[in-house]
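No value in this document is a laboratory result; all are computed from the given coordinates. What you see is a predicted model; the values in this text were computed from it and never measured. Here Cβ is always computed from backbone atoms with ideal geometry, including for glycine, and neighbour counts include all displayed protein chains.
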Amino acid sequence: MGNDIFGMHKHHIVFRSQGGLDFDLNLAEMTLEEHEGDDGPHRNREKDLALKRGLQGKLFELFPEGDYFDIDTISRKLGRTSRYFDKHFRKVPMVGGLFPGEEVVRRLMGGKLY
Ligand SMILES: [Zn+2]
């Protein structure tokens, strides 16, 4: 949550309390009403799930199952430094020194798939 100076809210699709990270795809710009209203993701579970499933689909396009990624590639695709992701990927299972696509997506979704 949080306001910027234009009154738009940046919603974390995977909430930070759910293990969500700060990267552009996990942030959805919303008005106050879209964000906190009865049809918003904090009060409407279906809306919350629809956003999460949409994010998950985009992430599987970036990190397909059966492909493997290093932290630099993950970071570049998500637009943040490898230092940031390195810190948050310490517990993610690796195969041959690389992260399987499904494990990348699972981590970015907060440790589960939707
Ligand atoms: Zn929010």
Between residue 82 and residue 114, Cβ-based FRET efficiency (R0 25 Å, step 0.05) works out to 0.45
Number of Lys pairs in the range 9-108 closer than 24 Å at Cα, excluding neighbours under 8 places apart unless interchain, is 14
The local net charge around residue 42, scoring Lys/Arg +1 and Asp/Glu -1 for residues other than residue 42 whose Cβ lies under 11 Å from its Cβ, equals -2
Taking a ≥ b ≥ c as the square roots of the eigenvalues of the Cα gyration tensor, with a/c under 1.5 meaning rounded and otherwise prolate when a/b exceeds b/c and oblate if not, the range 3-51 is oblate
Here the FRET efficiency for residue 91 versus residue 31, based on Cβ atoms and R0 = 25 Å and rounded to 0.05, is 0.10
In Å, the C-alpha Rg and Dmax of the chain are 14.7, 47
Summing +1 per Lys or Arg and -1 per Asp or Glu among the other residues with Cβ less than 14 Å from residue 113's Cβ gives +3
